[in-house]
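Supplied in structure tokens, the structure appears directly below.
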Amino acid sequence: MNQVWIQCEDKNSLLTAIAEPGRVMIAGGTDLLINVRRLAPADKPAQMVDLSLVEELKNIHLEGNMLTIGSMVTYTQLMTDPLIRKHLPVLAEAASQVGSPQIRNRGTLGGSLVNASPAADMAPLWILLKAQVKLESFGKERILLVEDFLLGHQKTMLAPGEVMTEIRCLIPKKSVIYQKIGRRNAAAIARLNGCCLLDRQEDTVKEIRLVIGAATPTPLDLQKDCSGWIDKPWTIERLDEVASQAMRRVEEISGRRASATWKFPAIENLVRRLLLDAWAEGGKQ
Amino acid sequence: MFQEIPRVDVKAKLTGRAKYADDLQFPNMIYAAMVRSTIAHGDVLSIDATKALSQDDVLGILTWKDIPGLSNKGKERPVLVESRVRFIGDGIAMVVAKSQKAAREAAKLVEIRYQPLAAVFDVKESMKKTAGWIHGRSNVETIISMQHGHVEDGFEEADVIYEESVSTQRVQHAAIEPESAVAVYQEDHMEVYCPPKSPFNVRRVVAETLDVSVNKVRLISAVVGGSFGGKDYDMSLLASRVALVAKRYQKPCKMTYTREESIMEGTKRHPYQIDYKIGAKKDGTLTGLSVQMVSDAGAYLSKSAMVAWRSCVESGGPYRIPHVKTDISVVYTNQIYSDSLRGFGSPQVDFGLEVVMDGLAERLQMDPLALRLKNALQDGDVHATGQVLSGVSIEKCLLALKDKSDYEQTRKRIASFNRDHASGPYRLGFGIAALHRGEALGAGGEGIDTAGVYVHIEKDGSVIIYSGLSEVGQGCQTMMVRIVSEILGIHSSRIRVTTLDTDYVPDSGPTVASRGTVIAGNATVLAAEELKTKITEVLSQKKWFKKNAELVFQNETITLRHNPEVSVSYQDAIKMVFSQGENLYGHGWWSAPKLVWDWKKGQGDAYFNYVYGACGCEVKVNIETGKTDIVRFVAVHDVGTALNIEEVYGQICGGVAMGIGYGLTEEVQLREGKIINDNFDTYLMPTAMDIGEIEPVILQEHSAIGPLGAKGLGEPVTSIVAPAITNAISDALQSRIVDLPADLERVLAHVKKGDAR
Ligand SMILES: Cc1cc2nc3c(=O)[nH]c(=O)nc-3n(C[C@H](O)[C@H](O)[C@H](O)COP(=O)(O)OP(=O)(O)OC[C@H]3O[C@@H](n4cnc5c(N)ncnc54)[C@H](O)[C@@H]3O)c2cc1C
């Protein structure tokens, strides 16, 4: 079987190349090549379209409050970008916990979203930030919330002939806390991860956004579960309530599996820890 | 302290020029790929290779019927099964093709029909009479015992009795190089290239398979990309497989396993279940110990009995215990078979006893270090084997640990951290473990603890060392260079060690049991001494040489001890010897001292020497997630003489890293006999980010028997890492971890209710 490798150097030729059915895009390849290795020879993609030379997809820029990040931006680029470090350092922080240096040098943000692993590290943040993705195909484009884009384990709204070109979000007013639990300190897939933003005035909660990942097929947005808190004082009772509510939500969606013995108490602890740390952070001016 | 010698193989390895088996290319080479059992127990009814044989580039398929020699070796794993498969991964057939890809793809198309038999995966189930037999009429291969004094008396004398059950998991070598071998057919013999741990065993098994005498098989070692106890019997099977194909097609044949295949077929460390009962006086004096163990051998025998014997002999630890009773049952299951893995039965019992010592200390309300010091063996003490010991350095090791870890301060600092951060997510903990370990094969080795080394001085004064011991990455070649350079007083750059080739070196046994330095090192000493004698004989004919004068070989010169004015350069001396028509071949053959073990009584002289060590570990445990971080690991080892200090550091740090994997993350997970984590994305070894600060502490208590006073080190360094870690976690959580690994799940389960708030 002959393999065809198509390299595009700009977006237009890329859109033409992927309009042809049966072609598979390759960004960093860190998910794709592993998935392909497991396929039977007949099922392996015959034609690959390489995105790595399309410079237009590697930009990061800020316009007013709107941050736009190209889909081919790597974790390393995100970690070291001055704009990101200044305006949304939590993205750099989360990126620095992905895989190993080699994976961070190759792996891209677009690849991660399209691969749609439940344990992906950036996904909870995109949900919390209410980020959007731009999907382009020959002569067309559409914009979706990441929340709507991700459908489930390796399932997305991406249609044949479409490429994700950018991810964008507004810079939030308050800083965001991110945490990852892995079995080791590098090259570890998240057993759980999560992020939280908390705005408060003195002892009154103004806004809470809370998302946890790796517990359900797509990140679990717990903002609504925290809504009882808004304009109310911070209490430990409510903290416990939200934590056990998170556990119940996961149970509703994923059921109680063998891994639950660890996962359920760990989810409670993680939610509590995120809220506690965000509370402390939210008090800072 | 010696001058530093750069590791002899370092340049080739770092520049990528070292040739591993899979790098080797021969004209017209063909490739083989395995067809393996997909069921855990049963009989093969039929093999349908029609589809496989119709593929492009496929040459044929071989089964046990194509084996001219021995195909069935009793309880040993066969090269290819006749009909009975005993675990998922047993080799049934080989597909041969012109390319590796074609062979691998076609192998997947071979259809096997089985008559399944009841399979057993649990050792305790397997011991029952109702279990399906795996070999013969019992799944208990053997029970090995040690009996010292009368254990019941020991418990009667005790003020405190502590009982505990512990378990250890199945882990693997995980060498970076997967198994690979090439056989090259020659008219009158078979040439095999592979990374062997036990080259002469590989040669023997290939000869048995081909039904030829051993001199018709020549094994040339490729560079070994890591062994850790692996590439032993596995390599014998792989080499035999490629040799069969090479003979059948009269062409060179290569087979390299994928990582998944390597994990599926590669031997593992025996999982143990151990029940302890230990008694002590109020002041901590140990009075009695009972150890009841079950070892999971998996589907075939291999060295399981020898491994169990070592566990048995070392089960009492480096402690003075008047009454000890140990029994270990070696039990078959329908799972991947177990064999040697860096420690050979030590890590399991070291983990168990060291956890139990901490449990006992808690009962006695005694400091864990004080309890160990109180019972530490001394010179002249009687070991649990009945042997009277000398050269015991455990107390020195424990005291060095106390000093280097700043033991009391560390404990205080940790206690106050935990007090001050009681509402935070982290707890600190400190744990220790102590070690004694028999050197080399011991009485269980049955007369194979010998090695031969040749040292040749060439006419230009350069030196070649020929040794039958494999360089598996442990640095044994550099060790031999050190010895020759010390004894002949010449610069190490003059010396080269040749590739191991069974045609030119004597059978020196396997590279196991941390025996290389002691056994082959001593043979090297003898060979170098023989050369010294030959040089001395020629020089003694010189006028300046007085009767019975003594010569000193140093700094490339040979001088009279009592008159240093008189000297001759090494180079000139060599010239003189050759001009006399003499030779400079040196040969050394060294056998370990005779040892006797009384199998009935379970007592005897088990090892000619023991090595000692002590470790301390500080951990930071996240009580909300169960994640443990190693903060600091202090590893004290008595190495006798450090022949190459950098190598010693390397061995210790590598051994600690490997032990951290055993302690925290590594486990080969099986479901109904099938390995489910079959690559390194799910079989998790520690990374550089996970090993914390490792502080090697080297004690040098000269060995009476080792070359230049050295002791073995490869296995001791990894044996007590896991218990130091789990004892530290137990200290942090105030709840005892008694099973391995201490992963997120296990640790979080030990966090007391309410603590994580
Ligand atoms: C050892 C290792 C460790 C890892 N550790 C982590 C970790 O800690 N955290 C984590 O989140 N992930 C981790 N990953 C997963 C992986 O690295 C990330 O998901 C990465 O972001 C994938 O990006 P990529 O560019 O390599 O994608 P690729 O593998 O190139 O592509 C993935 C999928 O996305 C499609 N695709 C890629 N780009 C686009 C695009 N612009 N538009 C449309 N489709 C596209 C491809 O066709 C493919 O289906 C790890 C992977 C490995 C191998």
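The values are calculated or read from the model by the stated rules, or taken from the named source; none is laboratory data. Everything numeric in this text was worked out from a predicted model, so none of it was measured. All Cβ positions, even for glycine, are placed from backbone atoms using ideal geometry, and neighbour counts span all protein chains on display. For accessibility, only protein heavy atoms count, side chains too; no ligands or nucleic acids. Shrake-Rupley method; radii C 1.70, N 1.55, O 1.52, S 1.80 Å.
Any idea how many residues of the stretch A:44-59 are part of a helix (DSSP H, G or I) and either away from the ligand (no atom under 14 Å from the Cβ) or open to solvent by less than 10 Å² (accessible area, probe 1.4 Å) (or both)?
1
Can you name the residue in the stretch A:190-215 that is part of a loop (DSSP other than H, G, I, E, B) and surrounded by fewer than 19 Cβ atoms within 10 Å (Cβ to Cβ) and is also farthest from the other protein chains (Cβ to nearest Cβ) among such residues?
By that ranking, first place goes to A:E202.
On to the next question. So which residues in the stretch B:667-692 are within 14 Å of another protein chain (Cβ to nearest Cβ), farther than 19 Å from B:P716 by Cα and away from the ligand (no atom under 16 Å from the Cβ), if there are any at all?
B:E667, B:Q669, B:R671, B:I676, B:G692
Another question, if that's okay. Anything in the stretch A:8-34 that is without any contact (Cβ under 8 Å) to a residue 12 or more places away in the chain and near the ligand (Cβ under 9 Å from one of its atoms)? List them, or say none.
Answer for the stretch A:8-34, where residues must be without any contact (Cβ under 8 Å) to a residue 12 or more places away in the chain and near the ligand (Cβ under 9 Å from one of its atoms): A:L33, A:I34.
Is it the case that B:A119 is closer than 30 Å to B:K251 by Cα and either open to solvent by less than 70 Å² (accessible area, probe 1.4 Å) or not in a helix (DSSP H, G or I) (or both)?
Here the answer is no, as B:A119 does not meet what is asked.
Just give me the residues in the stretch A:248-269 being in contact with a strand residue (DSSP E or B) (Cβ under 8 Å, 6 or more places away or on another chain) and open to solvent by 10 Å² or more (accessible area, probe 1.4 Å), in sequence order.
A:R249, A:I253, A:K263
When you go through B:K254, B:K268, B:K303, B:K281 one by one, which is the residue that is at pLDDT below 95 and out of contact with any Pro (no Cβ under 7 Å at 6 or more places or on another chain)?
The conditions single out B:K303.
From the list A:L67, A:L83, which one is surrounded by fewer than 17 Cβ atoms within 10 Å (Cβ to Cβ) and either more than 10 Å from the ligand (Cβ to nearest atom) or not in a helix (DSSP H, G or I) (or both)?
Going through A:L67, A:L83 in turn, the sole match is A:L83.
Can you give me the number of residues within the stretch B:646-679 that are of a type outside the set (D, E) and closer than 15 Å to B:K268 by Cβ?
Total meeting the criteria: 11.
Conditions (1) open to solvent by 10 Å² or more (accessible area, probe 1.4 Å); (2) in a loop (DSSP other than H, G, I, E, B); (3) in contact with a Lys or Arg (Cβ under 9 Å, 6 or more places away or on another chain), marked per residue:
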residue: B:S311; (1), (2), (3): no, no, no
residue: B:G316; (1), (2), (3): no, yes, no
residue: B:N334; (1), (2), (3): no, yes, yes
residue: B:R372; (1), (2), (3): no, no, no
residue: B:Q378; (1), (2), (3): yes, yes, yes
residue: B:G386; (1), (2), (3): yes, yes, yes
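Taking B:K542 as meeting all but one of (1) within 13 Å of B:V463 (Cα to Cα); (2) at pLDDT below 95; (3) among the basic types (K, R), write down the number of the exception.
It is condition (1) that B:K542 fails.
Rundown of residues vs (1) within 14 Å of chain B (Cβ to nearest Cβ); (2) in contact (Cβ under 8 Å) with a residue 24 or more places away in the chain; (3) aromatic (F, W, Y), yes/no style:
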position	(1), (2), (3)
A:E63	no, no, no
A:M66	no, yes, no
A:Q77	no, no, no
A:L91	no, yes, no
A:Q102	yes, no, no
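At least 1 residues that are closer than 30 Å to B:L584 by Cβ and free of Cβ contacts under 8 Å to residues at least 60 places away in the same chain in each: list the strands (runs of 3 or more DSSP E) lying fully within the stretch B:417-476 that qualify.
B:463-467
In this structure, is B:D731 within 14 Å of chain A (Cβ to nearest Cβ) and either in contact (Cβ under 8 Å) with a residue 40 or more places away in the chain or among the basic types (K, R) (or both)?
no
So which of B:G709, B:G692, B:G673 ends up being in contact with a His (Cβ under 7 Å, 6 or more places away or on another chain) and on the phi > 0 side of the Ramachandran plot?
B:G709
What number of residues within the stretch A:102-113 satisfy the criterion of being open to solvent by 20 Å² or more (accessible area, probe 1.4 Å) and either aromatic (F, W, Y) or more than 6 Å from the ligand (Cβ to nearest atom) (or both)?
3
If a residue must be within 13 Å of the ligand (Cβ to nearest atom), away from every other protein chain (no Cβ under 14 Å) and within 27 Å of A:L198 (Cβ to Cβ), how many such residues does the stretch A:114-130 contain?
Total satisfying the criteria: 8.
Hey, another quick one. Restrict the check to the stretch B:647-655 and report whether at least one residue is within 14 Å of chain A (Cβ to nearest Cβ) and acidic (D, E).
no
Please return the ranges of strands (runs of 3 or more DSSP E) entirely within the stretch A:131-184 where 3 or more residues are open to solvent by less than 50 Å² (accessible area, probe 1.4 Å) and away from the ligand (no atom under 13 Å from the Cβ). Let's see the steps before the verdict.
Working: elements: A:132-137, A:140-145, A:150-152, A:163-170, A:176-181.
It comes to A:176-181.
Evaluate the following for A:V73: is it touching a helix residue (DSSP H, G or I) at 6+ places or on another chain (Cβ under 7 Å), surrounded by 19 or more Cβ atoms within 10 Å (Cβ to Cβ) and closer than 17 Å to A:L113 by Cα?
Yes: the conditions hold for A:V73.
Please find, among B:E695, B:E715, the residue that is open to solvent by 50 Å² or more (accessible area, probe 1.4 Å) and either in contact with a Lys or Arg (Cβ under 9 Å, 6 or more places away or on another chain) or within 14 Å of chain A (Cβ to nearest Cβ) (or both).
So the residue among B:E695, B:E715 that is open to solvent by 50 Å² or more (accessible area, probe 1.4 Å) and either in contact with a Lys or Arg (Cβ under 9 Å, 6 or more places away or on another chain) or within 14 Å of chain A (Cβ to nearest Cβ) (or both) is B:E695.
If you don't mind, another one. Open to solvent by less than 20 Å² (accessible area, probe 1.4 Å) and of a type in the set (S, T, N, Q): does that describe B:S126?
Yes; evaluated as a whole, the condition is true for this residue.
Applying the selection to the stretch A:9-31, what residues are of a type outside the set (V, I, T) and open to solvent by less than 40 Å² (accessible area, probe 1.4 Å)? Lay out the reasoning, then the answer.
Step one: filter the stretch A:9-31 for residues of a type outside the set (V, I, T), giving A:9-15, A:17, A:19-23, A:25, A:27-29, A:31.
Answer for the stretch A:9-31, where residues must be of a type outside the set (V, I, T) and open to solvent by less than 40 Å² (accessible area, probe 1.4 Å): A:L14, A:L15, A:A17, A:A27, A:G28, A:G29.
In addition: With modelled with pLDDT under 95 and either more than 9 Å from the ligand (Cβ to nearest atom) or assigned to a strand (DSSP E or B) (or both) as the only criterion, which of A:L39, A:L62 stands out?
A:L39
Only residues that are on the phi < 0 side of the Ramachandran plot and either near the ligand (Cβ under 10 Å from one of its atoms) or open to solvent by 30 Å² or more (accessible area, probe 1.4 Å) (or both): list them for the stretch A:86-101, please. Give the derivation first.
Residues of the stretch A:86-101 that are on the phi < 0 side of the Ramachandran plot, as a first pass: A:86-98, A:100-101.
Within the stretch A:86-101, A:K86, A:H87, A:P89, A:E93, A:A94, A:A95, A:S96, A:Q97, A:V98, A:S100, A:P101 meet the criteria.
Here's another thing I want to ask about it. Quick one: which residue in B:S492, B:S508 is of a type in the set (S, T, N, Q), farther than 15 Å from B:V224 by Cα and within 25 Å of the chain's Cα centre (by Cα)?
Matching residue, one of B:S492, B:S508: B:S508.
Sticking with this structure for a sec: Evaluate the following for B:P741: is it within 14 Å of chain A (Cβ to nearest Cβ), in contact with a helix residue (DSSP H, G or I) (Cβ under 6 Å, 6 or more places away or on another chain) and over 21 Å from B:T410 (Cα atoms)?
Criteria met by B:P741.
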